[in-house]
Amino acid sequence: MKSIRNIAFTTLFTVSAFTCILYSAACNKNNCGSFNCQNGGTCTSDTCACPTGYTGNNCQNAWSTQYLGTYKCTQVCTPAVTSNSWSSTITQDATNGGYTLDISRFGNINLSVVANVVDNNGHITLTASSTTTNTIMGSGTLVVNGSTTTLTINYSTGTGGSACTITMIKQ
């Protein structure tokens, strides 16, 4: 009789433990209806709340992904610097994932600069990049208007240099 009671107790305990585990797994904070929040996002009222650095319905996009691509560039500088239009490419920097970008041929010179993504509102800052004659520093804003993506960067070239605005339109 004692053996049957132990078996019954063990069975009841096992079923209860399994039910609790199953119930808590169903309430996974990253489970958001029919999809899962990614990159550490949490679900609140069937909407993913994304952590800093990520956007999208599932927190699937790093902020920098909206910047990636090839751009047609023009710039205006004071004092004037001769530079016709050119193409630059923005890629994700290997050292800091979603927060850092590399911009090639910045200012129509053979220089790549590094930009840090500040927030998900399209703001960036340029990390100081040096040429043999100047240090380039500045900041910019990405604006998406329909099918046109424009990145406007205001920068200065440091010692005795120019104050410039580059307009970059995504191709």
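When you scan the stretch 92-105, how many residues do you find that are at pLDDT below 90 and of a type in the set (Val, Ile, Thr)?
Looking only at that region, the number is 2.
Out of the stretch 40-57, which residues are within 29 Å of residue 171 (Cα to Cα) and either surrounded by 18 or more Cβ atoms within 10 Å (Cβ to Cβ) or touching a helix residue (DSSP H, G or I) at 6+ places or on another chain (Cβ under 7 Å) (or both)? Steps first, please.
Going through the stretch 40-57, the residues within 29 Å of residue 171 (Cα to Cα) turn out to be 50, 52-57.
Hits for the stretch 40-57 are 50, 53, 54, 55.
For the stretch 36-74, enumerate the residues that are part of a strand (DSSP E or B), closer than 16 Å to residue 122 by Cα and either under 9 Å from the mean Cα position of the chain (by Cα) or free of Cβ contacts under 8 Å to residues at least 12 places away in the same chain (or both).
Of everything in the stretch 36-74, those that are part of a strand (DSSP E or B), closer than 16 Å to residue 122 by Cα and either under 9 Å from the mean Cα position of the chain (by Cα) or free of Cβ contacts under 8 Å to residues at least 12 places away in the same chain (or both) turn out to be 54, 55, 61, 62.
The values are calculated or read from the model by the stated rules, or taken from the named source; none is laboratory data. This is a predicted model, so every value here is computed, not measured. Cβ: placed from backbone, ideal geometry, glycine included. Neighbour counts: every protein chain shown.
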